[in-house]
Amino acid sequence: MALSEPRPDPYRLRPAGPFDLDEVVRIESESFLVPWRREFFASELVEAHRYIRVLARDDGGTPRVGGYLFAVSLYEEFHVNKIATDLRLRKQGYGRMLIEDALARARAMASTAVTLEVRVSNAAARQFYRSYGFREAYKRRAYYQDGEDALVLVLPITERG
């Protein structure tokens, strides 16, 4: 039996642009109970201090955008506002690509911590972030539009990474 040569990953990380918004909004709508509106994503593309990435493929395959990350640098903190992958691509390491890219960016910017909010009910996401060392710092009561609480997760960034 001959071993097949490994195929390169069809997705690569790149900065997001306005031409990605249809796909970002589609993934957002499939991923969240209360999705952000297109207008909000569009406004984030032009705001200062934002770090916005998409997992994109340029070979004509689908989905063209496999995931996204929207983050902002605030003083010494790097805050992840949104992260999601296409439902068809989950459990394939793409979420890890996105969060590891964000963590690398935070370290490069000399951030002291990475923060984000997650629904109390989202056990899978909480476990995912816990695997990177994020800790639950406190709860934001009725944070989401539907009244659910959010947990604020924090990952301190040390000089050693």
inquiry  = With the condition being within 22 Å of L153 (Cα to Cα) and modelled with pLDDT of 95 or more, I'd like the helices (runs of 4 or more DSSP H) fully within segment 1-117 carrying at least 3 qualifying residues.
reply    = 94-108
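Determine, yes or no, whether R140 is over 30 Å from D22 (Cβ atoms) and either out of contact with any Cys (no Cβ under 8 Å at 6 or more places or on another chain) or buried (at least 16 other Cβ atoms within 10 Å of the Cβ) (or both).
So R140 passes the test.
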ask   = Is it fair to say R135 is farther than 24 Å from Y11 by Cβ and of a type in the set (K, R)?
value = yes
key: Residue list for segment 121-137, restricted to those being buried (at least 16 other Cβ atoms within 10 Å of the Cβ) and in contact with a Leu (Cβ under 8 Å, 6 or more places away or on another chain)   = R126, Y129, F134
message = Can you say whether L151 is modelled with pLDDT of 95 or more, over 13 Å from the mean Cα position of the chain (by Cα) and not in a helix (DSSP H, G or I), as far as the supplied structure shows?
response = yes
task = Scan segment 122-148 for residues that are assigned to a helix (DSSP H, G or I) and over 16 Å from the mean Cα position of the chain (by Cα) and report the count.
result = 1
ask   = Out of the residues in segment 15-46 that are surrounded by 14 or more Cβ atoms within 10 Å (Cβ to Cβ) and basic (K, R), which is nearest to Y144 (Cα to Cα)?
value = R38
key: Neighbours by Cβ (under 7 Å, 6+ apart or cross-chain): first from segment 29-44, over 21 Å from G66 (Cβ atoms); second among the aromatic types (F, W, Y)   = V34/Y144
ask   = Does Y75 satisfy the criteria of being under 26 Å from Y132 (Cα atoms), of a type in the set (S, T, Y) and without any contact (Cβ under 8 Å) to a residue 12 or more places away in the chain?
value = yes
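Among the residues of segment 129-161, which ones are in contact with an Asp or Glu (Cβ under 7 Å, 6 or more places away or on another chain) and of a type in the set (G, A, S)?
A142, A150 - these are the residues of segment 129-161 that are in contact with an Asp or Glu (Cβ under 7 Å, 6 or more places away or on another chain) and of a type in the set (G, A, S).
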ask   = If we scan segment 104-112, do we find a residue that is touching a Phe, Trp or Tyr at 6+ places or on another chain (Cβ under 6 Å) and either acidic (D, E) or crowded, with 18+ Cβ neighbours inside 10 Å (or both)?
value = yes
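The values are calculated or read from the model by the stated rules, or taken from the named source; none is laboratory data. Source: prediction; values computed, not measured. Neighbour counts are summed over all protein chains in view; Cβ atoms, including those assigned to glycine, are modelled from backbone coordinates with ideal geometry.
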